[in-house]
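*Asks:* Shown below is the structure under consideration.
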Amino acid sequence: MSVIDPSLLQQAVEGDAAALRTLLVHFGGEVRQRISGRIEKRWRASLDEDDVMQVAYLEAFLHIDQLTARDSASFLAWLTRIAENARRDAIRGLSRQKRPDPVRRVVATPDADSYIGLLECLGVTTTTPSREAARRDATAILESAIARLPEDYRTAVRLYDLEGRPISEVAAGMGRSVGAVHMLRARAHDRLRLDLGTSSQFFSGSA
């Protein structure tokens, strides 16, 4: 592993997008190589290392401010961990696809019930006594939270969770692999749980 100037890491953490791109180009190949050996042959039709790295790069831009260490080894380990988590998300989604769990599938209706279904999938519960009030609250609050997601995360949630489209159709519409959609959706769900659990007076996280 080659060593880079620590000041580049500092610049990236402080929000310099060009510095972060330089770091991703520098270390991305090594991380890609590590991830490549961890994707089993049976998943290759739906997932490859480039899918994983695309999501890892997006996550790196979203969370670079959380990096505390300021050396090459730490950055490489951090990026590898992000990529590995994305790979696991994809495999988990692909595995469920082969053995569908109806409890985890959102109602395939783009109305208020689909928002309640998404909340149940997220493991987030409403504290509003009235069911009708809960539906209104869920729709308004989830719409606001979904609007704050990065574009690809937002699209995956809308098409799959709220509109109930088949995963293959979602992937085709987004120009992504099925595995990539599973990764994007899992990351989106994590961000929604955090958002709903910390910013909403109507919900409390339980996932």
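*Asks:* Rg and Dmax in Å for the stretch 6-98, alpha carbons only: what are they?
*Replies:* 14.0, 47
*Asks:* With θ taken as phi - 60° and the coefficients 6.51, -1.76 and 1.60, list the Karplus ³J(HN,Hα) couplings across the stretch 44-49 in order, rounded to whole Hz; mark glycine and proline as x.
*Replies:* With the stated coefficients, the stretch 44-49 comes to 5, 6, 10, 7, 9, 5 Hz.
*Asks:* Right, something else. For Arg38, enumerate residues with amide H under 5 Å from its amide H, sequence gap 5+ or separate chain, H modeled in the peptide plane.
*Replies:* Long-range HN contacts for Arg38: none found.
*Asks:* Quick one: which residues, 5+ away or cross-chain, put their amide H under 5 Å from the amide H of Arg70? H built at 1.01 Å from N.
*Replies:* HN-HN under 5 Å from Arg70: empty list.
No value in this document is a laboratory result; all are computed from the given coordinates. Note that the structure is predicted; figures quoted are calculated from it, not measured.
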